[in-house]
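Read through the structure below, which is laid out as structure tokens, and then see the notes.
The values are calculated or read from the model by the stated rules, or taken from the named source; none is laboratory data. Computed from a predicted model, the values in this text were never measured in an experiment. Ideal geometry is used to build each Cβ from the backbone, glycine not excepted, and the neighbour counts take in all protein chains shown. Side chains are part of the model used for accessible areas, which takes the heavy atoms of the whole protein and leaves out ligands, DNA and RNA. Shrake-Rupley method; radii C 1.70, N 1.55, O 1.52, S 1.80 Å.
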Amino acid sequence: MERFFRSLLVVTLSLGVTACGMFSKDEEEVRTPKPLTSFEASVEMKQVWSQSIGEGVQGGYERLKPSVFGDVIYSAGAEGTVSALEAETGKRLWSRKLGVQVGGGINAMQGMLLLGTLDGRVLALNAEDGSDLWETRVSSEVISVPQVSGDTVVVQTIDDTVTAINAENGKIIWSQENLQPALTLRGSSSPRIEKGAVFAGFHSGEARAYRIEDGTPLWVSKVALPKGSSELERMVDINSSPLIVGDNVFMVSYQGNAAALDMYSGRVRWNREISSYKSMSSGFGSLYLTDQDSYVSSIDQRTGAVGWRQDQLEYRQVSAPTAYSSYVAVGDLDGYVHLLSQVDGSVAGRYKVGTAIKAQPVAAGDLLFVLDAKGKLYALDRK
């Protein structure tokens with residue numbers, strides 16, 4: 001069972017990711033995944049290629065999302081194997097074993113690869129051959145994806161510290177610490193950079209913006225307020241990454257809300273009660289998100305109104321969604337990729353890969369890339 005909850009003393013409880021979706025609030029009734037039912041497919045999928053990219057996460061909590069840049073897809077295994085593959089063919093361009101435990105997915109930008117480790121380091125590699133560029137020690141574990149804009153890399157560690165690093169030499173430019181509740185989900189939001197500002201969500205249910213140049217706080221806003229009498233009930237962590245569309249910053253919290261914030265002031269434009277710890281996607285003027293019970297929902301970006309809610313994948317430990325063509329793609333605990341219609345959420349297609357899919361699928365052009373828990377990367381297309 002996946003490790004999921006932790007305290008500030010880094011005490012890991014005997015609850016897992018499945019605990020959020022597999023047990024009722026009184027923790028007595030086990031909730032079993034809903035069996036898949038037959039449907040009339042309107043789209044069929046095919047496998048274009050597959051490649052093993054190293055040790056998978058297996059029962060771990062890491063979600064090692066690949067990254068596409070140009071015509072190359074980069075991926076990292078849990079034990080530090082980094083691979084570069086041709087996106088169209090799967091041909092291996094290079095592969096390198098770093099000998100570290102990778103905590104978050106990989107980010108390919110500006111000719112460099114960025115990834116974080118479970119022992120609190122940020123690594124920068126040359127995207128051409130995987131050679132070392134620099135390595136920087138940060139405050140704690142990195143299980144988010146480092147971001148880069150211009151000459152600045154920004155990373156958020158599991159202790160809610162946001163750190164800016166010089167992209168050329170790896171030197172720390174500034175760092176902002178944030179207080180945490182006594183009990184939090186084991187996870188971390190990946191910050192987003194837009195228009196000279198860094199946007200981040202925290203375990204307290206707060207969203208904050210900083211000036212990327214020097215770390216000056218620009219605003220703070222509450223996405224969710226803790227409720228209940230116990231520490232478990234009061235958890236309102238923002239583990240999903242902010243999603244920026246236009247001048248809206250969208251965030252969602254566990255046991256809290258999905259909210260649209262004004263990019264410049266942090267003012268809450270709307271919020272909708274929902275519980276999720278996975279990243280969102282967008283398309284057709286809607287937000288797509290997976291809640292703690294594995295329901296997939298469409299929410300109007302302007303008003304927060306729910307357009308549709310797909311409940312046929314209940315408790316199937318569904319991944320974060322990805323907008324793919326006119327569909328929403330998600331993976332589940334048995335290795336099925338489900339394509340849902342962006343219009344009404346109906347199941348349009350389904351394809352089975354190797355094993356459980358924990359990482360958010362990645363869409364690039366006509367291809368959909370899916371990484372399973374055993375470390376095998378699949379490229380899928382529609383027939």
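Observations
- Residue that is most open to solvent (accessible area, probe 1.4 Å) [pool: residues in the range 267-282 that are outside any loop (DSSP other than H, G, I, E, B) and hydrophobic (A, V, I, L, M, F, W, C)]: Val268
- In the range 207-245, the residues that are at pLDDT below 95 and loosely packed, with under 14 Cβ neighbours inside 10 Å: Leu225, Lys227, Gly228, Ser229, Ser230, Glu233
- The range 182-206, subset farther than 20 Å from Ser139 by Cβ and open to solvent by less than 20 Å² (accessible area, probe 1.4 Å), residue modelled with the highest pLDDT: Ala197
- Checked against (1) within 26 Å of Ser189 (Cβ to Cβ); (2) at pLDDT 60 or above, Val11 meets all criteria but (2).
- Selection within the range 205-229: residues that are out of contact with any Gly (no Cβ under 9 Å at 6 or more places or on another chain) and of a type in the set (Asp, Glu). The member of this set that is farthest from Ile165 (Cα to Cα) is Glu206.
- Total residues in the range 145-156, condition in a loop (DSSP other than H, G, I, E, B) and either buried (at least 23 other Cβ atoms within 10 Å of the Cβ) or touching a Phe, Trp or Tyr at 6+ places or on another chain (Cβ under 6 Å) (or both): 2
- Near pairs, Cβ below 7 angstrom, 6+ apart or cross-chain, from the range 96-117 (closer than 15 Å to Ser188 by Cβ) to any residue that is part of a loop (DSSP other than H, G, I, E, B) and of a type in the set (Lys, Arg): Gly105/Arg63; Gly105/Lys65
- Residue match in the range 14-28 (condition: open to solvent by 90 Å² or more (accessible area, probe 1.4 Å), at pLDDT below 90 and closer than 20 Å to His203 by Cα): yes
- Meets criteria (over 19 Å from the mean Cα position of the chain (by Cα), within 23 Å of Gly246 (Cα to Cα), in a loop (DSSP other than H, G, I, E, B) and modelled with pLDDT of 95 or more) for Glu168: no
- Among all positions in the range 283-298, there is no residue which is open to solvent by 50 Å² or more (accessible area, probe 1.4 Å), outside any loop (DSSP other than H, G, I, E, B) and small (Gly, Ala, Ser).
- Top-ranked residue of the range 372-383 - restricted to ones that are touching a Lys or Arg at 6+ places or on another chain (Cβ under 7 Å) and in a loop (DSSP other than H, G, I, E, B), ranked as most open to solvent (accessible area, probe 1.4 Å): Lys383
- Filter result (more than 18 Å from Leu287 (Cβ to Cβ), open to solvent by less than 10 Å² (accessible area, probe 1.4 Å) and over 14 Å from the mean Cα position of the chain (by Cα)) within the range 317-337: Asp332, Gly335, Val337
- Only one of the numbered conditions (1) open to solvent by less than 40 Å² (accessible area, probe 1.4 Å); (2) among the hydrophobic types (A, V, I, L, M, F, W, C); (3) in a loop (DSSP other than H, G, I, E, B) is not met by Val343, and that is (1).
- Residue pairs meeting the criteria (Cβ under 6 Å; at least 6 apart or on separate chains; first closer than 24 Å to Arg186 by Cα, in the range 268-291; second of a type in the set (D, E, K, R)): Ile274/Asp291; Ser275/Asp291; Ser276/Asp291; Thr290/Lys278
- Answer residue from the range 360-371, given it is in a loop (DSSP other than H, G, I, E, B) and open to solvent by 10 Å² or more (accessible area, probe 1.4 Å) and is farthest from Leu85 (Cα to Cα) among those: Gln360
- The range 334-351, residues that are within 10 Å of Leu313 (Cβ to Cβ) and either of a type in the set (Ser, Thr, Tyr) or at pLDDT below 95 (or both): Tyr336
- Leu179 being at pLDDT below 95 and open to solvent by 10 Å² or more (accessible area, probe 1.4 Å): yes
- Subset of the range 123-144 [of a type outside the set (Asp, Glu), surrounded by fewer than 17 Cβ atoms within 10 Å (Cβ to Cβ) and either outside any loop (DSSP other than H, G, I, E, B) or touching a residue at least 40 places away in the same chain (Cβ under 8 Å) (or both)]: Asn126, Arg137
- Within the range 73-111, the set of residues being buried (at least 19 other Cβ atoms within 10 Å of the Cβ) and in a strand (DSSP E or B) comprises Ile73, Tyr74, Ser75, Ala76, Thr81, Val82, Ser83, Ala84, Leu85, Val102, Asn107, Ala108.
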